[in-house]
Amino acid sequence: MEEDGGLLGPKRLTKFEKIRIISIRAQQIASGSPLFLNESEIPEGVTDPVELAKLEIRKGRLPLILERKQGEKISLLDLRELLKEE
């Protein structure tokens, strides 16, 4: 397989990618993974892992690289760059 620096797919995070990232991150948070948020950024009373994962995405705090494949082409994209387009 060949790694391509070009963009495959849309210039933003798709709803399917976003849902998958939220569900994986919520599972990590529920298992005790530390948050990528400061205490001051978490609204009072919010403890639901799904809501915390959504908040991390909205704040652009997840240091993730997203892999998109199309045939033999692979595109590695910084999640924070895709979030800028939303």
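List of remarks:
- Sequence-ordered 3J(HN,Hα) estimates for region 17-27 from the Karplus curve with 6.51, -1.76 and 1.60 and θ = phi - 60° stand at 5, 4, 5, 5, 5, 4, 5, 5, 5, 4, 5 Hz, glycine and proline given as x.
- Compared with the alpha-carbon gap, the fully stretched path from Ile65 to Val46 is longer by 4.2 nm at 0.36 nm per residue.
- Arg20-Glu72 pseudo-label distance in nm [points 7 Å out on the Cα-to-Cβ vector]: 2.3
- Listed options for Rg/Rh (Cα atoms, Kirkwood Rh) are (1) 1.19; (2) 1.13; (3) 1.03. The value calculated from this structure is the one marked (3).
- Cut-off under 5 Å, modelled amide H: who pairs with Leu66 long-range: Leu77, Asp78, Leu79
- Sequence-distant residues sharing a close amide H with Ile74 (under 5 Å, placed H): Glu2, Asp4
- Where both bridge residues fall in the chain, DSSP classifies roughly 75% of the beta bridges as antiparallel.
- Spin-label model distance (nm) - Gln27 vs Lys11, 7 Å beyond Cα toward Cβ: 3.3
- The charge dipole of the chain, taken about the Cα centre with unit charges on the Cβ atoms of Lys, Arg (+1) and Asp, Glu (-1), comes to about 240 debye, rounded to the nearest 20.
- Note on the chain: GNM, Cα springs under 10 Å; of Glu72, Glu41, Glu56, the largest mean-square fluctuation is that of Glu72.
Read-outs: derived from the displayed coordinates by stated rules, not from any lab. The model shown is predicted, which means the values in this text are computed figures rather than measured ones. Note: ideal-geometry Cβ built from the backbone for every residue, glycine included; neighbour counts use all protein chains shown.
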